[in-house]
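Student: Sharing a structure, written as structure tokens. Questions coming.
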Amino acid sequence: MSTSSLSPVTLDHRLRSLQPTDMEDLDHLLEVTWSTVDPVRLELCRIRLAMLMGNRDAAEYRHPRAVDAGLDEGKIASLDRWFTSAAFDDVDRAVLAFTEQFNLAVSQMQTEDIEGLRAHFSDADVMNFSAAIYVIELDMRMRMVAQGLLHPEETK
């Protein structure tokens, strides 16, 4: 097995050639995700997921909707200290705490994890945010697995 990795563009092309309908469906889910949740907070959570999962490419990428909405690179620089950094407010901390728990052990999600979000969002917003984290994590994990399975020589 080759140890070199596919570029994100090549990987995306390869996935689309192997599973065109599934990738179209995922595109639709991602579009809904980015249009229903605050893109800056969602991007902070997406980057934190990438950091937790050791996905450097995803951690370095910036979603255009978040950039357009005012994503702060200084805040991202302190993302690994979100719990104590003054750059993050209570809403940021609630979404990041939920995201980390979701990533580390969704089956261990506690009432306080949900209540942390409910302190700032409606039930519908909490559901939208939960679904958004699920879709983003699904996309990221799928691409990480594909990166390990697809060999560069197969893209010729």
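None of the figures in this text is laboratory data; all of them are computed from the coordinates on show. Values in this document were obtained by computation on a predicted structure and should not be read as measured data. Cβ placement follows ideal geometry from the backbone for every residue including glycine, while neighbour counts extend to all protein chains displayed.
Student: How would you rank Ile76, Ile47, going from fewest to most other Cβ atoms within 10 Å of each one's own Cβ? Intermediate values should be presented prior to the final figure.
Tutor: On the way: Ile76 18, Ile47 22.
Placing the least packed residue first, the sequence is Ile76, Ile47.
Student: Then there's this: Work out the length of the dipole vector of segment 51-146 about its Cα centre, built from +1 on the beta-carbon of each Lys and Arg and -1 on the beta-carbon of each Asp and Glu, and round it to the nearest 20 debye. Could you put the intermediate results ahead of the total?
Tutor: Numbers: 9 positive and 17 negative charges, 62 e Å.
It comes to approximately 300 debye.
Student: Let me ask something else about it. Can you list the HN-Hα couplings for segment 96-108, worked out from phi with the Karplus curve (6.51, -1.76, 1.60; θ = phi - 60°), rounded to whole Hz and with x for Gly and Pro?
Tutor: Once θ is set to phi - 60°, the couplings for segment 96-108 become 6, 4, 4, 4, 5, 5, 4, 5, 6, 6, 4, 5, 9 Hz.
Student: Compute the signed sum of charges (Lys and Arg +1, Asp and Glu -1) over the other residues within less than 12 Å, Cβ to Cβ, of Asp80. List each step's numbers first, then the result.
Tutor: On the way: positive: Arg48, Lys75, Arg81; negative: Glu100.
Charge balance in the 12 Å sphere: +2.
Student: Let me check the size of the chain from its C-alpha atoms; what are the radius of gyration and Dmax in Å?
Tutor: When restricted to Cα atoms, the chain yields Rg and Dmax of 16.4, 52 Å.
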